[in-house]
Amino acid sequence: MYTPELYKNEDPESIRTFLKENSFGILINQTNGRLCATHIPIELEINDEGKEILQGHISKLNPQAEGFAENDQVLAVFTGPHSYISSSWYDHENVPTWNYIAVHVYGRIKIVDYSAAVEQLKKLVDKYEANSENPVRVEDLSEKTMREARGIFGFEIEIDEIQATKKLSQNRDDHNYKNIISELEKTENPQSIAVAKEMSKCRK
């Protein structure tokens, strides 16, 4: 991912937090000579060796899985808030741009066995049902319902490299920076407001 030095995020804790809060990603690999991509939840976890990995699952009917040869390289893309930045918000003439946060994770993928895939499902469901009034638990599902789990491939990705970008108008002086935040907050657009919040964290 092309990232000028000014916008690189090299803070491991910040990246971990981002991945946990923006875990609906895009898994990309090459299958039968074609690039394939699937939009799925991909969770950051710690394996038995204490290493950070990504975990997820896809349908066995998904042709992308044909490219999941042992140790096949894949790319997982995660995006956060983003927003158009109008140059009318500056105190000088310039071009419009776009502010955004994104993380690319490169690694090697392997299929896990059925029991490991079910454990992944338990963690995933527990995470997103945590605040539910009547939480669903995988352990409580009937044998008939759990047959559907036979239709997925669970996988793990051993992380080789992480590239993280925070493009949040760091190249602007304090006056223009604050004005960008103010203008973003006026838009009433959830994405723009989220970008404004991230910018406020970066420069007090």
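The values are calculated or read from the model by the stated rules, or taken from the named source; none is laboratory data. This one's a predicted model, so the numbers in the text were calculated from it and none came from an experiment. Cβ atoms come from the backbone with ideal geometry, glycine included; neighbour counts cover every protein chain shown.
Some values worked out for this structure:
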read-out: Single unsatisfied condition, LYS123 versus (1) of a type in the set (Lys, Arg); (2) in contact (Cβ under 8 Å) with a residue 60 or more places away in the chain; (3) assigned to a strand (DSSP E or B); value: (3)
read-out: Members of region 159-183 found to be polar (S, T, N, Q) and in a helix (DSSP H, G or I), listed by number; value: ASN176, ASN179, SER182
read-out: Residues that are modelled with pLDDT of 95 or more and not in a strand (DSSP E or B), drawn from region 39-49; value: ILE42
read-out: Scan of region 165-186 for residues that are of a type outside the set (A, V, I, L, M), touching a residue at least 40 places away in the same chain (Cβ under 8 Å) and in contact with a helix residue (DSSP H, G or I) (Cβ under 7 Å, 6 or more places away or on another chain), ordered by number; value: THR165, LYS166, LYS167, SER169, GLN170, ASN171, ARG172, ASN179, GLU183
read-out: Filtered residues of region 65-94 (kept if among the hydrophobic types (A, V, I, L, M, F, W, C), in contact (Cβ under 8 Å) with a residue 12 or more places away in the chain and under 24 Å from GLN163 (Cβ atoms)); value: PHE68, VAL74, LEU75, ALA76, VAL77, PHE78, ILE85
read-out: Selection within region 21-34 - modelled with pLDDT of 95 or more and exposed (fewer than 15 other Cβ atoms within 10 Å of the Cβ); value: GLU21, PHE24
read-out: Residue in region 68-75 that is in contact with a Phe, Trp or Tyr (Cβ under 8 Å, 6 or more places away or on another chain) and at pLDDT below 95 present; value: yes
read-out: Residue that is closer than 16 Å to LYS201 by Cα and crowded, with 16+ Cβ neighbours inside 10 Å, where the choices are ILE157, ILE181, ILE152, ILE162; value: ILE181
read-out: Filtered residue count, region 119-167, keeping only those that are within 18 Å of the chain's Cα centre (by Cα) and over 20 Å from GLU43 (Cβ atoms); value: 3
read-out: For PRO41: the one exception among (1) more than 17 Å from the chain's Cα centre (by Cα); (2) surrounded by fewer than 16 Cβ atoms within 10 Å (Cβ to Cβ); value: (1)
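Every residue, every condition in (1) outside any strand (DSSP E or B); (2) among the polar types (S, T, N, Q), yes or no:
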position: TYR2; (1), (2): yes, no
position: GLU10; (1), (2): yes, no
position: SER14; (1), (2): yes, yes
position: THR17; (1), (2): yes, yes
position: GLN30; (1), (2): no, yes
position: ALA37; (1), (2): no, no
position: GLN73; (1), (2): no, yes
position: THR79; (1), (2): no, yes
